[in-house]
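This report concerns only the one structure given below.
The values are calculated or read from the model by the stated rules, or taken from the named source; none is laboratory data. The shown structure was predicted, so the numbers you read here are calculated from the model rather than taken from an experiment. Note that each Cβ is placed from the backbone with ideal geometry, even for glycine, and that neighbours are counted across all protein chains shown.
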Amino acid sequence: MFSSPFEASILGKAIEKGRIEIRIVNIRDFTSDKHHVVDDTPYGGGQGMVMKVEPIARAIERVKAESPSAWTVYLTPQGRSLNQERARALSSKAHLILLCGRYEGVDERVREMFVDEEVSIGDYVLTGGELAAMVMVDTLSRLLPGVLGCDQSAEEDSFSDSLLEYPQYTRPVDFRGHSVPDVLLSGNHEAILRWRRKEALRRTAKRRPDLLAKATLSETDRKVIDEILQSEETRTRGDGV
Ligand code: 4HQ
């Protein structure tokens, strides 16, 4: 399940270059019964199965024996929401253990005894924590030095300044009557920067007004937003942003 995402493209190269190291630990390898059972029925009854504490405890202890300072994250919808700020903080940890639950999740004692932090990748339910862990690896890795090429800088992305990105275009200049905004072809660098800032502000104001509260906005930015919100265009036809 983990091999394609971790071997492909940017993450694959980051691993090859030794910028990140990923180890998959199969909890089933830490069972002591013949059938390698990792789950059991919940005390008190109810539907589904719960992941047993002992195999998880042994798996985590094995990893921690080699890396005592590892920070253990359990992926669950009950955790703190992952956002760019949390991603940045977590990416500064030298070693993370990303614990993935299946079924109804893990025995509560796992959380009490072994988990440092619970993280959610969003308010929806997955079939297991593995995809959530891959999302974490992906977004944390790209923040590490030498993982992205210099033409793919992490600094300029959405959220590094709490604004959505401006619209991007590449060739052809006209596609089925839809053309690239003139300003981008003008060669006027100042005008291009102004247009991009305005479009980023427009999009953010329209789609994610909650983000504007976090953004660092200049006097000019605020004026531009007021203009956008007051413009006939935006009020009457939603502007298609
Ligand atoms: N699950 N963010 C249930 C998630 C999830 C999420 C992982 C499904 C844990 C037991 N994890 N298992 N959303 O939906 O992180």
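Below, the figures for the structure above:
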item: Residue match in the stretch 154-175 (condition: part of a helix (DSSP H, G or I), over 30 Å from residue 86 (Cα atoms) and out of contact with any strand residue (DSSP E or B) (no Cβ under 8 Å at 6 or more places or on another chain)); result: no
item: Helices (runs of 4 or more DSSP H) wholly inside the stretch 3-76 that include at least 3 residues being within 18 Å of residue 116 (Cα to Cα); result: 53-66
item: Options 139, 204, 220: the member that is touching a residue at least 12 places away in the same chain (Cβ under 8 Å), more than 16 Å from the ligand (Cβ to nearest atom), among the polar types (S, T, N, Q) and not in a loop (DSSP other than H, G, I, E, B); result: 204
item: Lone unmet requirement of (1) more than 16 Å from the ligand (Cβ to nearest atom); (2) surrounded by 14 or more Cβ atoms within 10 Å (Cβ to Cβ); (3) among the hydrophobic types (A, V, I, L, M, F, W, C); (4) at pLDDT 95 or above for residue 193; result: (2)
item: Residue match in the stretch 120-135 (condition: more than 14 Å from the ligand (Cβ to nearest atom), surrounded by 15 or more Cβ atoms within 10 Å (Cβ to Cβ) and at pLDDT 95 or above); result: no
item: Residue 80 vs. criteria closer than 17 Å to residue 129 by Cβ, in a strand (DSSP E or B) and among the basic types (Lys, Arg); result: yes
item: Residue within the stretch 51-62 that is more than 16 Å from the ligand (Cβ to nearest atom) and loosely packed, with under 12 Cβ neighbours inside 10 Å present; result: yes
item: Residue in the stretch 115-123 that is in contact (Cβ under 8 Å) with a residue 12 or more places away in the chain, within 17 Å of residue 27 (Cβ to Cβ), under 17 Å from the mean Cα position of the chain (by Cα) and assigned to a strand (DSSP E or B) present; result: no
item: Which listed residue, of 116, 138, 107, 157, is touching a helix residue (DSSP H, G or I) at 6+ places or on another chain (Cβ under 6 Å), among the acidic types (Asp, Glu) and either exposed (fewer than 13 other Cβ atoms within 10 Å of the Cβ) or within 26 Å of residue 2 (Cβ to Cβ) (or both); result: 107
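Let's see how each residue does on (1) buried (at least 16 other Cβ atoms within 10 Å of the Cβ); (2) of a type in the set (Gly, Ala, Ser); (3) touching a Ser or Thr at 6+ places or on another chain (Cβ under 9 Å):
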position: 184; (1), (2), (3): yes, no, no
position: 189; (1), (2), (3): no, no, no
position: 207; (1), (2), (3): no, no, no
position: 225; (1), (2), (3): yes, no, yes
